[in-house]
Amino acid sequence: MVYGKKKYAFPWFGMDIGGTLVKLVYFEPKDITVEEEQEEVENLKNIRKYLTLNVAYGSSGIRDVHLELKDLTLCGRKGNLHFIRFPTQDMPAFIQMGGDKHFATLHTTLCATGGGAHKFEPDFQTMAHLRLRKLDELDCLIKGVLYIDSVSFNGHSECYYFENASDPEKCQKMPYNLENPYPLLLVNIGSGVSILAVYSKDNYKRVTGTSLGGGTFLGLCCLLTGCSTFEEALEMASHGDSTKVDKLVKDIYGGDYERFGLPGWAVASSFGSMICKEKRDSVSKEDLARATLVTITNNIGSIARMCALNENITRVVFVGNFLRVNTLSMKLLAYAMDYWSKGQLKALFLEHEGYFGAVGALLELLDSAEP
């Protein structure tokens with residue numbers, strides 16, 4: 001797919017500086033001519049080789065190789081799109097690296113979105129002599145989602161759902177065609193959560209949000225279990241039993257609450273059983289991690305369902321880095337949306353999860369280039 005018609009000097013980056021993670025996308029041109037390669041300055045060659053020949057950068061930077069988009073055409077140039085992430089707490093080291101590699105000698109503006117684009121702007125100027133072009137994160141999110149879905153994931157569907165989400169034996173991931181996406185409810189789960197109603201590529205609004213998001217899950221798990229990384233918290237949760245921590249409807253009613261259609265297995269009070277010392281003494285760290293994951297996920301699903309009903313939207317797309325390697329939450333959301341809506345709402349997911357804001361920033365860079 002061709003995007004844009006204007007020319008802009010390499011390198012092409014887009015950044016989304018979130019509260020927990022920084023997401024960076026980099027377009028690697030694969031159609032460089034012999035003349036261009038001869039004229040290419042050493043700094044640009046070094047940056048291109050450094051980013052594309054490594055899968056890890058320092059102690060915390062990761063290139064998600066499995067997400068790489070191959071053979072894209074952007075602004076008439078063919079190349080691959082790379083996806084890189086690192087913790088926001090390491091942002092000063094990244095800015096310093098930009099200064100050390102003389103990034104400012106290549107071009108002086110970097111398109112960035114997310115709260116960190118505002119927070120770190122003075123550091124970019126003083127440490128790396130780089131000027132940030134700050135972009136609205138929700139504009140970038142929508143733009144990135146629509147673009148990535150339109151180009152597909154290397155010939156495969158970007159969008160998918162879980163069939164038979166309530167049955168672990170039969171549950172399977174299935175492709176979904178988002179060719180005519182409107183209207184849709186877009187639930188972006190990062191450190192916190194923003195929920196957008198999208199009626200067209202230019203007509204959308206932020207409906208609501210919640211402060212209980214991925215940052216809450218990790219923060220509580222660090223406090224309750226002593227873990228230190230998202231991956232560690234998810235690993236613990238995968239081996240835990242949240243019903244030992246939560247108070248269920250059947251713990252209160254002895255079974256279902258039939259009048260209002262509440263099954264006995266439904267959570268009546270998250271962490272409600274922890275008021276009892278005996279139960280506190282019997283739960284494991286894994287149980288606490290699982291209960292934390294279920295609490296955060298159920299809250300997001302409940303708010304999303306209410307928003308979908310209010311906006312009269314049946315397709316709900318969940319994105320954001322909270323869902324990275326987090327099949328547990330995706331299946332919980334898929335089941336909850338289907339069960340509580342009696343099959344009226346469908347939970348959809350996207351392969352590139354938390355990178356859409358960065359992609360939108362890259363597209364804004366190319367759109368704003370001088371002809």
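The values are calculated or read from the model by the stated rules, or taken from the named source; none is laboratory data. These figures come from a predicted structure and were not determined experimentally. Glycine gets a Cβ as well: all are built from the backbone with ideal geometry, and neighbour counts include every protein chain shown. All accessible areas refer to the heavy atoms of the entire protein, side chains included, with ligands and DNA or RNA removed. Shrake-Rupley method; radii C 1.70, N 1.55, O 1.52, S 1.80 Å.
Provide the net charge surrounding Ala361, with neighbours chosen by a C-beta distance below 12 Å and charges set as Lys +1, Arg +1, Asp -1, Glu -1.
Here the charged neighbours net out to -2.
Just to be sure I understand: with springs between alpha-carbon atoms less than 10 Å apart, which residue in Glu28, Glu42, Glu235 has the highest mean-square fluctuation in the Gaussian network model of the chain?
In the Gaussian network model the winner is Glu42.
So what is the calculated 222 nm ellipticity per residue for the chain, using -39500 (n - 2.57) for each DSSP H run with n of 4 or more, over all residues, to the nearest 500 deg cm²/dmol?
-11500 deg cm²/dmol
Does anything in segment 193-223 have its amide N under 18 Å from the 7 Å Cα→Cβ label point of Met306, and if so which residues?
193-197, 206-213
Of the options Tyr8, Thr88, Cys75, report the single residue whose Cα projects farthest towards the positive end of the charge dipole of the chain (beta-carbon charges: Lys, Arg +1; Asp, Glu -1).
So the residue furthest toward the plus end is Thr88.
First compute the accessible area of the chain with a 1.4 Å probe, then give the percent of it belonging to carbon and sulfur atoms.
Within the chain, the accessible surface is 51 percent carbon and sulfur.
Which of Thr208, Gly354, Val41 sits farthest toward the positive end of the charge dipole of the chain, with +1 on the Cβ of Lys and Arg and -1 on the Cβ of Asp and Glu?
It is Thr208, whose Cα lies furthest towards the positive end.
Taking K and R as +1 and D and E as -1, what net charge do the other residues with C-beta under 14 Å from the C-beta of Gly155 add up to?
After counting each charged neighbour, the total is -4.
Placing one identical point scatterer on every Cα of segment 241-371 and ignoring solvent, what is log10 I(q)/I(0) from the Debye formula at q = 0.12, 0.20 Å⁻¹?
Normalising to I(0) and taking log10 leaves -0.60, -1.19.
Once Rh for the chain is found with the Kirkwood sum over Cα pairs, what is the Stokes-Einstein diffusion coefficient at 20 °C and 1.002 mPa s, in µm²/s?
The calculation lands on 97 µm²/s.
Excluding ligands, DNA and RNA, what is the solvent-accessible area per residue of the chain at a probe of 1.4 Å, expressed in Å²?
47
What net charge is computed for the residues neighbouring Lys205, neighbours being all others with C-beta under 14 Å from the C-beta of Lys205, Lys and Arg scored +1, Asp and Glu -1?
Charge balance in the 14 Å sphere: -2.
With unit charges on the beta carbons (Lys and Arg positive, Asp and Glu negative) and the dipole taken about the Cα centre of segment 205-253, which residue among Tyr253, Gly219, Thr243 sits farthest to the positive side?
It is Tyr253.
Charges at C-beta only: +1 for Lys and Arg, -1 for Asp and Glu. How large is the resulting dipole of the chain about its Cα centre, in Debye rounded to 20?
620
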